[in-house]
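Scroll down for the structure; my scribbles are underneath it.
Bear in mind these aren't lab numbers, they're just calculated from the coordinates by the rules spelled out. All of these numbers come straight from a predicted model, not from anything done at the bench. All Cβ positions, even for glycine, are placed from backbone atoms using ideal geometry, and neighbour counts span all protein chains on display.
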Amino acid sequence: MVRDILSPVKGVISEINPSLDAKPEVMNSDPYDDGWVAVIKSDSNMAELLSAEDYLDLMKKRVAEELRKIKGL
């Protein structure tokens, strides 16, 4: 199965995780260790990226905003 994977940076993939061929579910269960997807050589400013915690907070706020719109609050 082939799926697109969104990335916050542009660059060149220099390495892929071959173990995902046999166990792709590891991407979801252990994304920061065994479930890594690729190494990307990027010219992007990595300091501008959000941490996982900050991104989660941002998404929670966006979900809350959408729920307020749906409920008319």
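So which GluC sites (Glu not before Pro) in region 19-73 pass both tests, a DSSP loop state and at most 11 other Cβ atoms within 10 Å of the Cβ? The partial results should precede the final answer.
Details: sites: Glu25, Glu48, Glu53, Glu65, Glu66; in loops: Glu25.
When the GluC sites (Glu not before Pro) of region 19-73 are filtered for loop state and at most 11 Cβ neighbours within 10 Å, Glu25 remain.
Taking every alpha-carbon pair under 8 Å whose residues sit at least 6 apart, the chain reaches a relative contact order of 29 percent.
The phi-based Karplus calculation (6.51 cos²θ - 1.76 cosθ + 1.60; θ = phi - 60°) puts the 3J(HN,Hα) values of region 23-30 at 9, x, 5, 5, 4, 7, 8, 8 Hz, whole numbers, x for Gly and Pro.
Relative to the longest principal axis of the Cα atoms of the chain, helix 52-71 runs at roughly 40 degrees.
This structure gives Kirkwood radius over Cα pairs in Å, computed directly, and of (1) 12.3; (2) 14.9; (3) 16.7 that value is listed as (2).
Amide H contacts of Ser44 (H built 1.01 Å from N, in plane; Pro and chain starts excluded): Lys10 sit under 5 Å, all sequence-distant by 5 or more or on other chains.
Counting only residues at least eight positions apart within a chain, or on another chain, the aspartates and glutamates with an alpha carbon under 14 Å from that of Lys10 are Asp43, Glu48.
Inter-part distance, region 15-31 to region 58-73, computed on C-alpha centroids, equals 32 Å. Across region 11-20, computed HN-Hα scalar couplings (Karplus, 6.51 cos²θ - 1.76 cosθ + 1.60, θ = phi - 60°) run x, 10, 6, 9, 7, 10, 8, x, 5, 6 Hz from first to last residue, x flagging Gly and Pro. Under a model in which nothing but the beta-carbon of Lys, Arg (+1) and Asp, Glu (-1) is charged, the chain shows a dipole of about 520 debye around its Cα centre. In the chain, a dipole from Cβ-located charges (positive for Lys and Arg, negative for Asp and Glu) runs towards its positive end, and of Met59, Pro24, Trp36 it is Met59 whose Cα lies farthest in that direction.
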